[in-house]
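Visitor: Below are the structure tokens for one structure; questions will follow.
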Amino acid sequence: MKKQKLVIFTTIGLIAFFMIAGTLYKNKQSSDIESLTKMNEQLLERPYSWSTGNKDAKVHLVEFFDPACETCAYFHPLVKDIMKENEGKIRLTLRYAPYHNGSQYVVKMLEAARKQGKFTETLEMLFATQRYWASHGEPNLQAIWQFLPKIGVDIDRLMVDMKDPELDKIVMQDLADAKEVGATKTPSYFVNGKPLQEFGYEQLKELIYSEL
């Protein structure tokens, strides 16, 4: 009888121990995620970062992208569709992660076009014409120039603005932030500070809708 009671009490004690340990582990995980989210909020958006959408949107979607990245070009209209379906509920911030050969040059071109109020038009053009200039082995960056006048970009002004040293600082800061938050590939997405752990369109939608 005493042995039976000892076994019962021991079993109950072990169950209680694992329940408490499990609760503590979950609380730690929750705390770690919360800390990571707060850290990401400071690193994911800089004062200069380009952003679109309602400032008070429930969801803040941050994308680290490379204009020469084929997957970025593919996901671009998909993200736009999600935002259209949830108009006013999602704000998108774009950050640079120019990992491909020559991409930093293209980023400076994009930022210089932004000074002319042509950021969106230039981004759309870069993705639409990517196959002409973004060969990963030997990118033909000069091919981009022929498309710029078609979207109303002042070429002379663009060439001057691209030499602005502030653009280099933007690129370096974005690359540093990308490294800090673990955005080692493009595109890398963060939803309300939470990283997209498993890459994919359905996974991205699921993460966004879980925050809406």
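The values are calculated or read from the model by the stated rules, or taken from the named source; none is laboratory data. As the structure is a prediction and not an experimental result, all values here were calculated from the model. Please note: Cβ atoms are built from the backbone with ideal geometry, for glycine as well, and neighbour counts cover all protein chains shown.
Visitor: Would you pick out the residues in region 186-203 that are in contact with a strand residue (DSSP E or B) (Cβ under 9 Å, 6 or more places away or on another chain), in contact (Cβ under 8 Å) with a residue 40 or more places away in the chain and over 14 Å from Leu94 (Cβ atoms)?
Guide: Val191, Asn192, Gly193, Pro195
Visitor: Okay, moving on. Please tell me if Gln116 is outside any loop (DSSP other than H, G, I, E, B) and within 16 Å of Met162 (Cβ to Cβ).
Guide: On the way: outside any loop (DSSP other than H, G, I, E, B): no; within 16 Å of Met162 (Cβ to Cβ): yes.
Answer is no for this residue.
Visitor: Further, regarding this structure: Would you confirm whether or not region 88-97 contains a residue that is at pLDDT 95 or above, more than 30 Å from Lys58 (Cβ to Cβ) and surrounded by 13 or more Cβ atoms within 10 Å (Cβ to Cβ)?
Guide: no
For (1) among the polar types (S, T, N, Q); (2) farther than 24 Å from Pro47 by Cβ; (3) at pLDDT below 95; (4) part of a helix (DSSP H, G or I), each residue gets a yes or a no:
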residue	(1), (2), (3), (4)
Met125	no, yes, no, yes
Pro139	no, yes, yes, no
Lys150	no, yes, no, yes
Met172	no, no, no, yes
Thr184	yes, yes, no, no
Lys205	no, yes, no, yes
Ser210	yes, yes, no, yes
